[in-house]
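S.K.: I'd like to ask you about the structure that follows.
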Amino acid sequence: WLRDLHRVRAMRWPMAFAALGFLALNLLLSETIWGAKNWLSIAGQTLQPSEFVKIAYVYAGAATLDRLFRRRNLILFIAFSAVCVGALALMGDFGTALVFFVCFLVISFMRSGSIATVALAITGAGMAGFLMLKMKDHVARRFATWGHIWDAENIWDGGYQQTHALSAGASGGLFGKGAGNGWLKNTFAGNTDTVFGVMCEELGLIIAICAVLAILALAFFAVRNSGHGRSAYYSIAACATASMFMVQVALNVFGSVDILPFTGVT
């Protein structure tokens, strides 16, 4: 599909509208769980529409900005990004909104090459993040817990997931207890938010680190080969996708072990 650039460019608008449609569906139909409306239940099956939106976002963004230096395309992409991030903020999905924003910065910088533009975007996002902390209680609590998960009042409250992930990971040691033999997977969101802890407990720290290094290798491969693409579309799409992987992995792994605030990113 991606080898036909004419087809890719022709489909960028349907992909963009599909992304917005998924987010609108999420906002209208999903229920609020632990402060966020990111899960949608259909026929007994649950999914996160934002995962499909990630694909559409990179697809539409890279295809739009591949059209060299057209100001109209850049403005439309900024508006599209603002709607996506804004919808995620309304859902209370702070972590995924951050993933999208970093991807936006990567795509914009690759297209413009302007550090000033990126700095301006980061400043605006910082102000929006400050407002979110004031408006969303569950986000503010996670930041307040950061670095204090072992305090008595946090172990069974705001720091519950991180303290249990660290305890399980420590009990697994270097080689783990064996696949399926851990207990962390039975805790709330054990197989998503704290999956790094599950890997450490059952497969060991060595395998868990190798899993992270595998994603780092994928990102390195994408960046190294981006300069050889026959179109800017391939370079932008590859680097944007790699950045999405990297940020999501960093938020998940470092959040689980309390190096970064816990954002609940899968």
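The values are calculated or read from the model by the stated rules, or taken from the named source; none is laboratory data. From a predicted model like this one, the values you see are computed outputs, not experimental measurements. Cβ coordinates were reconstructed from backbone atoms using ideal geometry, including for glycine residues, and neighbour counts include every protein chain displayed. Side chains included, ligands, DNA and RNA excluded: accessible areas come from the protein's heavy atoms. Shrake-Rupley method; radii C 1.70, N 1.55, O 1.52, S 1.80 Å.
S.K.: Please compute the length gained on full extension between Phe17 and Leu5, using 0.36 nm multiplied by the number of residues separating them and subtracting their Cα-Cα distance.
M.R.: Details: separation 12, 0.36 × 12 = 4.32 nm, distance 1.93 nm.
Using 0.36 nm per residue and subtracting the Cα-Cα distance, I get 2.4 nm.
S.K.: Could I get the Rg over Rh figure for the stretch 137-266? Both from C-alpha atoms, Rh via Kirkwood, rounded to two places.
M.R.: 1.08
S.K.: Here's something else I'd like to know. Keeping the other protein chains in place, figure out the carbon and sulfur percent of the accessible area of the stretch 184-266, with a 1.4 Å probe.
M.R.: On the way: 2820 of 3730 Å².
That share works out to 76 percent.
S.K.: From the backbone phi of the stretch 253-261, what are the Karplus-calculated ³J(HN,Hα) couplings (6.51 cos²θ - 1.76 cosθ + 1.60, θ = phi - 60°) in whole Hz, Gly and Pro given as x?
M.R.: Once θ is set to phi - 60°, the couplings for the stretch 253-261 become 5, 5, x, 5, 9, 6, 7, 10, x Hz.
S.K.: Order these peptides, 200-210, 97-107, by their mean beta-carbon neighbour count within 10 angstrom, highest first. Let's see the in-between values first.
M.R.: Details: 200-210: 19.5, 97-107: 22.2.
Ranking the peptides 200-210, 97-107 by packing returns 97-107, 200-210.
S.K.: Can you tell me which of 57-63, 150-156, 184-190 comes out highest on packing, and rank the rest after it, using the mean Cβ neighbours within 10 Å? Can you show the working numbers first?
M.R.: On the way: 57-63: 25.9, 150-156: 12.0, 184-190: 15.7.
Highest mean packing first, the order is 57-63, 184-190, 150-156.
S.K.: Determine the gain in length on full extension of the stretch Ala179-Ala24; use 0.36 nm per residue of separation and subtract their C-alpha separation, reporting nm with one decimal. Please report the intermediate quantities before stating the final value.
M.R.: Working: separation 155, 0.36 × 155 = 55.80 nm, distance 3.87 nm.
Full extension of this stretch gives 51.9 nm more.
S.K.: Tabulate in residue order the Karplus-calculated ³J(HN,Hα) for the stretch 200-206, using 6.51 cos²θ - 1.76 cosθ + 1.60 with θ = phi - 60°, rounded to whole Hz; enter x for Gly and Pro.
M.R.: Ordered by residue, 3J(HN,Hα) equals 4, 5, 8, 9, x, 4, 4 Hz.
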